[in-house]
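The values are calculated or read from the model by the stated rules, or taken from the named source; none is laboratory data. Just so we're clear, the structure is a prediction, and the values are computed from it rather than from any experiment. Here the Cβ positions follow ideal geometry from the backbone for every residue, glycine too, while neighbour counts run over all protein chains shown. We work out accessible area using only protein heavy atoms, side chains counted, and drop any ligands, DNA or RNA first. Shrake-Rupley method; radii C 1.70, N 1.55, O 1.52, S 1.80 Å.
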Amino acid sequence: MSTAEKFRSISPAEFFYRNKEIAGFANPARALYQSVRELVENALDATDSHGILPEISISIDRDPNKTYVYRITVKDNGIGVPENYVPDAFGRVLFSSKYVLRQTRGLFGLGAKMVILYGQITVGEPAEIVSATINSKKIYKYKIMIDIKENKPIVLEKSWWPNKTSWHGTIVKVAIEGDWGKARQKVLEYVKRTAIVTPYANIVFRTPDGEIKIYQRVVDKLPPPPRETKPHPHGIDLEMLKAMISETKTQTLLDFLSEEFQGVGRVLAERFITKNNFDPNANPKTLSKDDLEKLVRALKEFNEFRKPRSDHLSPIGSDLIKIGLSSILKPEFVDAITRKPIVYEGHSMIVEVGIAYGGAIEPVEEPLLLRFANKIPLLYDEKSDVAWKVVSENIDWGYYDIVFPAPIAILVHVCGTKIPYKGVGKESIAEVPILENEIEEGVRHVARSLKLYLARKQKEEEAARKAITLIKYIPEIASALVVFAKSNPEPVNVETLESKLFELVKNRFRDSLKNISSPRDVVLSVE
């Protein structure tokens, strides 16, 4: 009996076919949520990241013959996918345009392919892709499946027709096994939270039950699109350095350091080389393994490089956060802040925090936490997220005059080219100290703003109570004064006296009596 093990490699598609759970497709309910999320992320990345105001439509239809099958359609007005890239973009796992140093919602080149793969596994139908790039004369349609063993697309059908309306964008249709009953709340919440951070988008969502949720654009202002950037010396490792050297066209180490990295000018590169005894004229492609290891260590330890730039990032912006919170949650108070950039392992990150209070927000026993990473709502694993720790453990809400249950929501957004997620599901962010501190400072800032608002509101309410107390007695005082006024040569009627007394009170409590035009308003309402 042979005991020899049999070895073979598997393709990325086969790996995720065997391990779909780690990509968020653990069960039909989670898979339905994850599918909507992945396709919407792609749609938004194809629009706002390229300066296009998004028009996104999402529909989920229940198959009339197979109740466990759901047909998802997501349509956008983005840049479209070039015809020759459509098969690989949707049929080859880990094929993506996002493998550059740029802030994007997606990162692994997995999302849409995983949806198609999951649909293929559970329902066995091909995905349908319709796409046209900007200024394309044709609209292309593909029906695609994935060759799991070879990790390559299988094009079952290809067609095209004239683009008479100059439409551009992408439509993805896929059938998967799902569970709308269990996924409903998460999917609805995902779309709603997406609308909060994209108030510049028109989003229409039709559910399998026929409900139609419309989130209309309330502002035409887009965040600055993210841009590709160069690596920072503090953020590289040996493999990244090798890859950079294999692609560089520079001929000397001095040119390589000063041209291929951010934060390194020619003067700094010369100083670094001198301090670490490297040869400035050495061809980087000829460096030995020991030289490369020494170079990586030296780059990480050299503290004179300029900090990583953040102008390539795309934060939402405090104005858009306030607009988004106001339009969706309808609070009585809202504020937000975009913090200054911080650096994590050679990558810039920006933390943004918003707060909404009162109005239509329902009182809750603990703050309603709205978490986002690179504009993606994070709905799972909340209590293992660094933002949850800050909001629930680090902040003493009593200091800010918040007594629970309270109608309060906190929004935390982290954006950057490297988010320290806790897992490949990308649903929670790790407790990195510098990030935790930055979130805490942001929350304290908006909480102080809320405290000032509540103090001002309380003061106005106390003034209003005093004013109303005085106004209630105006009719009686006016009637009494008319008795004495009979001796006056000129007749004085009670209405004139009431009006004069009311004006005196109104001048004293001007801001507190905006909605009261007559003493009778108060007296009648009290009666």
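Mind checking which lysines have their C-alpha under 17 Å from Lys113, skipping anything on the same chain fewer than 8 residues away?
The reachable lysines, counting only those whose Cα sits under 17 Å from Lys113, are Lys20, Lys75, Lys98, Lys141, Lys143, Lys149, Lys152, Lys173, Lys426.
Once the Cβ-Cβ distance between Asn507 and Phe404 is put in as r, and R0 is 51 Å, what FRET efficiency do you end up with, to the nearest 0.05?
It comes out at approximately 0.80.
Put +1 on the Cβ of every Lys and Arg and -1 on every Asp and Glu Cβ in the chain; which of Met349, Asn77, Leu39 then has its Cα farthest towards the positive end of the dipole?
Towards the positive end, the residue furthest out is Asn77.
Of Ile154, Leu222, Phe305, whose Cα points farthest to the positive end of the dipole of the chain (charges on the beta-carbon: +1 Lys, Arg; -1 Asp, Glu; origin at the Cα centre)?
It is Ile154, whose Cα lies furthest towards the positive end.
Please work out the FRET efficiency for the pair Arg62 and Lys141, using the Cβ-Cβ distance as r and a Förster radius of 22 Å; give the result to the nearest 0.05.
0.40
By how many degrees, between 0 and 90 and to the nearest 10, does the Cα long axis of helix 28-45 differ from the longest principal axis of the chain?
Helix 28-45 and the main axis of the chain meet at about 90 degrees.
List the residues whose amide H sits under 5 Å from the amide H of Glu427, counting only those 5 or more places along or on another chain, with H placed 1.01 Å from N in the peptide plane.
Those qualifying (amide H under 5 Å, at least 5 residues apart or on another chain) are Lys422.
Calculate the spin-label point distance for Val155 paired with Lys221, positioning each point 7 Å from the Cα along the beta-carbon direction, and give it in nanometres.
It works out to 4.4 nm between the two label points.
Starting at 0 and stepping by 20 Å, how many percent of the alpha carbon pairs of the chain end up in each bin?
Taking all Cα pairs of the chain, the binned fractions are 18, 41, 26, 10, 4, 0, 0 percent.
To make sure I understand the rule: partners must be lysines, Cα under 29 Å from the Cα of Lys459, and not fewer than 8 residues away in the same chain. Which ones qualify?
Lys322, Lys330, Lys451, Lys472, Lys500, Lys506, Lys514
Where in the range 169-186 is the amide nitrogen less than 17 Å from a point lying 7 Å along the Cα-to-Cβ axis of Tyr380?
Backbone N within reach: 177-186.
Share of the chain's accessible area from carbon and sulfur, percent, 1.4 Å?
Values: 13280 of 26020 Å².
Answer for the chain: carbon and sulfur cover 51 percent of the accessible area.
Where only protein heavy atoms count, and the probe is 1.4 Å, what is the accessible area per residue for the chain in Å²?
49 Å²
Taking the Cα centre of the chain as the origin, how large is its charge dipole in debye, to the nearest 20, when only Lys and Arg (+1) and Asp and Glu (-1) carry charge on their Cβ atoms?
On the way: 75 positive and 70 negative charges, 187 e Å.
The dipole of the chain has a size of about 900 debye.
What FRET efficiency, computed as 1/(1 + (r/R0)^6) with R0 = 35 Å and r the Cβ-Cβ distance, is obtained for Ala298 and Ile434, rounded to the nearest 0.05?
0.90
Sketch the reach of a paramagnetic label on Glu259 as a point 7 Å from Cα along Cα-to-Cβ, and name the residues of the range 275-289 whose backbone nitrogen lies under 19 Å away.
Of the residues in the range 275-289, 279-287 have backbone N under 19 Å from the label point off Glu259.
Aspartates and glutamates near Lys275 by alpha-carbon distance under 16 Å, same-chain residues fewer than 8 away left out - which ones?
Here the aspartates and glutamates satisfying the reach criterion relative to Lys275 are Asp291, Glu301, Glu304.
Compute the helix-to-body angle for 494-508: its Cα long axis versus the longest principal axis of the chain, expressed 0 to 90° and rounded to tens.
The two axes meet at around 40 degrees.
With each run of n ≥ 4 DSSP H residues scored as -39500 (n - 2.57), what mean residue ellipticity at 222 nm is computed for the chain after dividing by its residue count and rounding to the nearest 500 deg cm²/dmol?
Computed mean residue ellipticity for the chain: -11500 deg cm²/dmol.
Okay, which of the range 211-247 sit inside 17 Å, backbone N to the point 7 Å along the Cα-Cβ direction of Lys275?
232-236
Relative to the longest principal Cα axis of the chain, at what angle does helix 266-275 sit, 0 to 90 degrees, rounded to 10?
60 degrees
In sequence order, what are the phi-derived ³J(HN,Hα) couplings for the range 276-285 according to the Karplus relation 6.51 cos²θ - 1.76 cosθ + 1.60 with θ = phi - 60°, rounded to whole Hz, with x for glycine and proline?
9, 6, 8, 8, x, 9, 5, 6, x, 6
Check which residues have an amide H placed less than 5 Å from Ala373's amide H, if you skip close sequence neighbours.
Amide H neighbours of Ala373, under 5 Å, 5+ apart: Leu378, Val414.
From largest to smallest, what semi-axes in whole angstrom does the range 28-68 give when each is the square root of 5 times an eigenvalue of its alpha carbon gyration tensor? Please report the intermediate quantities before stating the final value.
On the way: eigenvalues 145, 28, 5 Å².
Each semi-axis is the square root of five times an eigenvalue, giving 27, 12, 5 Å.
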